[in-house]
Every structure is written in C-alpha cells, then in structure tokens.
Amino acid sequence: MGWDHFSVCRAGPGGRHLRRGPGCGGKGGIGLQKGQEKGNRSIHESPPALPEECGVRIQCGDGLVWVWGSGACSKISGDGCKKGRQPGPLAQQSGIRDDRAGRQHKRALSHAKKAAGLDPDSVEIQQTLASARKSSRAAGGVDVDTNIPRGTIKRPYGVAVVIGNQRYEAEKKGLSDVKYAERDASAVKRYLVQVMGYDPGNIIYRTDVSSGDMRNIFGSKNNPEGMLHRYVRKGRSEVFVYYVGHGAPGPGGGANYLVPVDAAVDYIANNGYSLELFYRILSKLPAKDVTVVLDACFSGYSASGPLFKNISPGMLKSKLPVRKMANGAVFCGAGKDQVCTWYPAKRHSLFTYFFLKGLGGAADNNGDRTITTGEMKIYLQDEVPYWAGREANRKQNPLVTGDGSAVLTRLE
C-alpha cells in the first residue's frame, strides 16, 4: 500500500518510529491518512500511546522532502511511499523526478535551515540530501541536474540574465523549436545560485522572449540602457549572460543575430537582435566584469535542420560569433559554420551539458577546487567535439575568448 504523507516521530530516548499521516500529534498517537492530504476520506487507526515529538515530514506525492522540527531520523521503518518506494535513509522515499531533483535538494535544505534546533550542516541533513541524489540517479536522473555541488564564492552584487528560447513553432513563423532550451536555462539558473554564488533576486530569468523583450532586457541602438543596466552596481557587479536558442546569420554574412521566438527569419535583419549591438551594450556596462555564454549557432542551420527555407545553402555566410571583451569572457557553443548539437541521452544541449559539468568540477584540471575560464576552455574544447562526433556525427568546436585566469567558481 502506498502513502503520500509520512511523519518521523521520536518516542523516548533513542526510539524513532514512522507514523503514517499528515503530522505528529501529542500523547495518544496520530491518525493514519490514505491518499492526499486534502479532499480525500481519511481512515484513522490508533497506534500505541507514546510521548511523540514531530521530527521530519516526508511528502512523497510531488517529489519533495520537507524537514522541520527538533530532530531528524536517519533510520525509519514502515510501509513504502507512493509508487511503492520503501522507507530507508530519509530521502529514499522522496519519489524524486529527475527534472525536479535540483529544486528538491535546494528546498529540502531551505526548510532545514528554517527548522528550529536543526543544523543545516548536520550529519542527518547531509545524509538526507546524499540519499536523495542516490535515489535520483537510480531513477534515471541526469547527473548535472542531481549532482550540483556548492560553491564558496558569494556574489551579492552579481547580476545575471538567463534566456531560454524554445517554443518557436507556436509563433508559426517557420522556425523549429529548440529542444531542451527550457531545461538548459533552468539548470543554468540553479548553478548560478548554488555553484557561482549569485542572488536569485538578481537573476533576470526569461523563456521564449520576443523581439520587444530582448530590447527591454538589453537595450536598443537608440536606448542602450535596458533592464540589465538598471541592475548593475558600478564597479561591483559581476555580470553573467546566458542565452540558449536559435542564432542566425544576416544577409550576406555581414552580421549575426540572436533570434527571438517571434522573429521571421527571412527578415532577420529587421526583427532579430544584432549580436554586434549585444556585445557593444555589454562592453559599456559599468560592471566589474562580464561573462557571456551563447548556446546558439550562427551557420543558418540548427540541430533540426536549416533555418532558411527559401535560400540556397551556398548563399549562407556567417561572421565569427565571438569577440574579445576588455572586461570579460565569451563562450560560444560552436564555430561560425557549425551546428550546436542536442544531447538526448542527457536531455540537454551538448554544449550546456558540458558547461554545467565543468562548473561542477569536471573542468578542474589541477585539483584546486577552482574553475577558471582557461580550465573551462580546455575542458569544453576537449569534450564537446568528441561527443558531437560520437553522438551526432557532427563537427562542433566551441569558441572561447577572455582572460584564462578569471575565476568562474570555487567549490567546497
């Protein structure tokens, strides 16, 4: 029998018991509730009268682990959670879905921090999170979504823009969707907070942005001070910009464009967002430094095929999509005549997957727990071409410019 709600209660010195139901009561035991907490008929049973103290609540139904109270149990017993999972170490009952695992870890820790008398760095809480990650992997979770380390650098004045343009087809302008873009953007946001030390309140996060949205966020030729500029503290803000979506070459190959979801690609010079303008605006920000990550290709092709339906492939010419910035670094997913590959096995773009994996420690060449721009460049230029060829029979060589000694993150 599966149950959606469990409470771990403590009964006497060293005695810990699992009770099924919406919570722990006082003396005399607690109720047993089948199904969801709201709207369903309850069936009550009376366990033995014990002096109980509410310690940990585990909600299996939506894949969250909630922790609060004055104690935590690392061993519990009783019936399994929803979907037949057996209770063991706390978070093994969480019913984690792989695409929610990162949020679950964060929220579990957040609740723990707020819990009276619980140390968020206690052995019990760390065992809970470790066990959650283990069960996620067993359920087929993606490693970069479940194994997110903590960074030690704090960027209280850091500002980030994260854009995930996925749903182009809904606009009926002839462009295909960018598979996994929303998953990519969501994962990058989690890494910005947990690994790179950005404040969630300083992250401008958008999906499926229009031409007007792009101008509002970054600015325009006539008014270069958009929303991002308003967030920046002069000389103190470290700016990070991530974009995943279509890119496109302009007519004659003289320019490149980021492609909003409402753009008509055959008229990209009129309704795309100029990459030259993008770099010019970022270089004039009064920021301490700027890091740009573009998971987009500018060859006129995407992983799903050509962007332009009425132009001969021989007429498509692209300009180099990166430029040196005096105060920053630029990472681009592919060369000017290449395509950014998807990675279906990981449910991410190939480039973003390895960028996140690098931030998680894989790019740490010298073992000092610090990831620099130079180390990330070496890692990406080694892994991405190999896996693009192996998985998709394509050439994909990421482009990177900037100070190789700049620190992206420092891990615990």
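Each value in this text was obtained by applying a stated rule to the coordinates, not by laboratory testing. Only a predicted model underlies this, so the values are computations on that prediction, with no experimental measurement involved.
Most simply put, segment 159-410 has about 40% antiparallel DSSP beta bridges, counting only bridges with both residues inside it.
Would you mind classifying segment 159-410 by shape? Square roots of the alpha carbon gyration tensor eigenvalues, ordered a ≥ b ≥ c; an a/c under 1.5 is rounded, otherwise it is prolate if a/b is larger than b/c and oblate if not. Here segment 159-410 falls in the oblate category.
Backbone amide hydrogens, once placed in the peptide plane, bring GLY158 within less than 5 Å of ASP199, GLU238, excluding anything fewer than 5 places away on its chain.
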